[in-house]
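Below is one structure, written out as structure tokens, with a few remarks after it.
The values are calculated or read from the model by the stated rules, or taken from the named source; none is laboratory data. As the structure is a prediction and not an experimental result, all values here were calculated from the model. Cβ: placed from backbone, ideal geometry, glycine included. Neighbour counts: every protein chain shown. Ligands, DNA and RNA are stripped out before the accessible areas are found, and what is left, the full protein with its side chains, is counted by its heavy atoms. Shrake-Rupley method; radii C 1.70, N 1.55, O 1.52, S 1.80 Å.
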Amino acid sequence: MTEHVDVLIVGAGPTGLALGIDLARRGVAALVVEKADALFPGSRGKGIQPRTMEVFDDLGVIDTILAKGGAYPVGAVWKDGLKVGEHQMFEPSESDPDSPYDTPWMVPQWRTQEILSARLTELGGTVAFGREVTGFTQDQDGATVEFASGTAVRAGYVVAADGGRSVVRRTLGIGMTGETVDPNPMLVADVRITGLDRDNVHVFPPHGDVGFLAVFPLAGTEDFQVVAQFPEGTGIDLSLDGIRATVAARTHLAPEDVTELRWASDFRPRAALADRFRAGRVFLAGDAAHIHSPAGGQGLNTSVQDAYNLGWKLGAVLRDGAPESLLDTYEEERLPNAADMLGISTRVHRGEVQRGRATQQLGLGYRNRSLAVDTRTDLPEDEDALRAGDRAPDRTLDGVRLFDAFRGPHWTLLALDTKPPAAVGDAVRVMEGPAVETYGTGLFLVRPDGYVGWAGATEDGLAEYADRLGLRVG
């Protein structure tokens, strides 16, 4: 018998789990399937950017993320067994009332996935492990996905969140355009080490033909992450003895100071972008759609943003009566956004730009896209002034924090020193009050993913915009 769901999510990484959470809280019948028998065990994507922390706040996991992680420590640069300097991982950032989170947070990827998985279970969602996709067919009503076990699932929509070697993407025949960011292969491993403090990221610069090596104390654990660069063409030994030899050759530590190997992998940094993010009933998200160099910590974060963008749109179509054409805006918004972040990742890797405001993803938005409508005629010339398509900043309105008001699967209409429409549907929360700094006055319809969809000095045009999305406003 074929199982039936509204949405089948292929892949239980951060992308698939975040999307599963967002759909579960919207009452959408979704199933997350994973080829492996358990969640990914490594720390690879350990940096959570401020914008992703805002997403995790909305999804109900931020308290656990904060409790289980920590800030990045200062880098200590070593030479000949002595600390000879410091290395700042990120450009200093000042506290900003527009955002409650102003610095990246370190959480090993395996732990982030555990937290997301627990939240999904709490909301009634499910991850089915040991489900290897072997193929699928689709028609105008949905897709039938087949598994190596001989079983199948029929879904209204399928989301490929199955990584850079995505079976779903390859089955669709969607190509990826990209480049090798660095021909030198990289090692990343989770280990236990003695002889290094946990108050610093330990940086051992390259010398001669030997590439750099860095050791990160993984916040909230007893583990360290070792990252090392090797000459082009080198075969990397991923065994405990191999990693011991690498650490001993590049640092003042002895081989036996590496006491345990918990996980290891090798890769060549590359950047690639899928030619499309949608084909019929199937969407690409996360690494299946874009592959980043790990420099700058953009891969996991851009992937979670994909899920956050797609989740409310699927919910609107499947539960709220929005037209199916709304789903076309996923590719329209996310593909150029991912392309921008790929460029930043590559420039950070090559040392052309520092990790700072650009890598925090707070400035990314969807201006000039079809869902961004601004009817105001007196917009300031300052490009930094808030416009439709921008991320809705946090502030306080009559004692209520806006991010608290935004939290949840609803839309929010801010009526600032402006009369709101007389009738508003249950899917929209209305907040009235005086002008708010960064917003000014007017009406601002904030999307469920925290971006300003529509803005106007009066309600003229708001009802027509809302109708496009299955909303009742005015």
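Relative contact order of the range 193-306: 16 percent, from C-alpha pairs under 8 Å at least 6 residues apart in sequence. Stretching the chain fully between LYS83 and ARG319 yields a gain of 79.1 nm (0.36 nm per residue, less the alpha carbon separation).
Fully extending the segment from SER370 to VAL74 would add 102.3 nm, taking 0.36 nm per residue of separation and subtracting the current Cα-Cα distance. In the range 7-46, inverting the average of 1/r over every pair of distinct C-alpha atoms gives 10.8 Å as the Kirkwood radius. The order of the peptides 139-147, 30-38 by mean Cβ neighbours within 10 Å, most packed first, is 30-38, 139-147.
Quick one: helix 299-319 against the long Cα principal axis of the chain, what's the angle to the nearest 10°, folded into 0 to 90? In the chain, helix 299-319 runs at an angle near 30 degrees to the longest axis.
Seen against the Cα atoms of the chain and their longest principal axis, helix 50-59 is set at about 60 degrees. Relative to the longest principal axis of the Cα atoms of the chain, the long axis of helix 14-24 makes an angle of roughly 30 degrees.
Kindly provide the trypsin sites (Lys or Arg not before Pro) of the range 140-199 that DSSP labels as loop, not H, G, I, E or B, and whose Cβ sees at most 13 other Cβ atoms within 10 Å. Of the trypsin sites (Lys or Arg not before Pro), the ones in loops of the range 140-199 whose Cβ has at most 13 other Cβ atoms within 10 Å are ARG165. On the basis of the beta-carbon distance and an R0 of 51 Å, ASP467 and GLU114 show a calculated FRET efficiency of 0.75. In this rough spin-label picture, where each label sits 7 Å from Cα along the Cβ direction, the ALA128-ASP241 distance is 4.3 nm. Based on Cα contacts under 8 Å between residues 6+ apart, the chain shows a relative contact order of 16 percent. Using a probe radius of 1.4 angstrom, the carbon and sulfur fraction of the accessible surface of the range 120-181 is 42%. Remark: the range 63-177 carries 50 Å² of accessible area per residue (probe radius 1.4 Å; ligands, DNA and RNA excluded).
Taking the DSSP bridge list for the range 375-454 and keeping only pairs wholly inside it, about 65 percent are antiparallel.
Between the range 442-471 and the range 247-296, the C-alpha centres lie 39 angstrom from each other. Annotation: HIS87 carries an accessible surface of approximately 70 Å², with a 1.4 Å probe and no ligand, DNA or RNA atoms counted.
Could you tell me what percent of the DSSP beta bridges with both partners in the range 1-151 are antiparallel, to the nearest 5? If I count the DSSP bridges inside the range 1-151, around 70 percent turn out antiparallel. As a calculated quantity, the FRET efficiency between ASP378 and ALA36 at R0 = 45 Å, using C-beta atoms, amounts to about 0.25. Can you say what percent of the DSSP beta bridges in the chain, counting only those with both residues inside, are antiparallel? Round to 5. Of the beta bridges lying entirely in the chain, close to 70 percent run antiparallel.
Comparing Cα centroids, the range 222-239 and the range 400-422 end up 49 angstrom apart. In this label model, ASP426 and VAL400 are separated by 1.8 nm, measuring between points 7 Å along each Cα→Cβ vector.
Nonpolar atom fraction for the range 40-107, defined as the carbon and sulfur part of the 1.4 Å probe accessible area, stands at 51 percent.
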